[in-house]
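Read through the structure below, which is laid out as structure tokens, and then see the notes.
No lab work stands behind these numbers, since they all come straight from the coordinates. Model, not experiment: these values are computed from the prediction. Here the Cβ positions follow ideal geometry from the backbone for every residue, glycine too, while neighbour counts run over all protein chains shown.
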Amino acid sequence: MAPDRVTRPLAGALAVVGVAVLLHLDVPRVTAGPAGPRLGSSPPVRPAKGPCVLRADRLVLRGARFRGVVSVRTGAGTVRALKFTVRSLDAVNLDLTAGRGRAAMRLRARPATTSTLKGQGAGGVATLYVRKLTGRVTGLGGSPLPADRTVSVTPDAVPRWLAHPAARTRTITLAGATASQLTQFGGRLSIKGPRLRTTARGPHRA
């Protein structure tokens, strides 16, 4: 299977303040059969430069579709991730951290603002790869909400409402959301009043 190539995850976000963080990952396409999504073959290794965690008081994935669980090989070994495509993503009170320790960078939007990631290209979509997605489900594009609205979605724990083959493209809304080890490709992120802080240099305002 030919792999999808993820070359600039969240670079758009940090480029707003003059910093590019690249988690070089190659991710294979996913096939879905009667039993649900299946893992594709492992792609070539490209070392990741560090984890990326997105937090938001409210996260809205518009035109979202779950594409299954994919296998990703990095310099740290093979990992599994959730794959989504979205037309756009809104994050209220965005808080984005990339890296670890003194190399970590934290990017925050101005309080009470909404940051927006919009898909680009012919398809007008952005692709997201996530190791873990948590939050409280408050909207499923008009579909009934799950009985247990507090979710912790991982490659080993995908809820039926998300993984069902008949699930269509829709808007998914989460309150108190955290997307761990998030990688993004094919979109442009707009942030209002971005503030960058690094462990080594202290706070800076863009």
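On full extension, the segment bounded by residue 160 and residue 188 gains 7.0 nm, given 0.36 nm per residue less the C-alpha separation.
Summary value for the stretch 105-197: 50 percent relative contact order, contacts being C-alpha pairs under 8 angstrom separated by 6+ residues. Placing dummy labels 7 Å off each Cα toward the beta-carbon, the span from residue 95 to residue 198 is 2.2 nm.
Spin-label pair residue 134-residue 152: with each label point 7 Å from Cα along the Cα-Cβ axis, the two points sit 0.6 nm from one another. What are the chymotrypsin sites (Phe, Trp or Tyr not before Pro) within the stretch 124-206 that DSSP puts in a loop, where the Cβ has at most 11 other Cβ atoms within 10 Å? Here no chymotrypsin sites (Phe, Trp or Tyr not before Pro) fit, given the DSSP loop and packing criteria. Can you compute the modelled spin-label distance between residue 145 and residue 110, with each label point 7 Å from Cα toward Cβ, in nm? Taking the two extended label points, one gets 3.1 nm.
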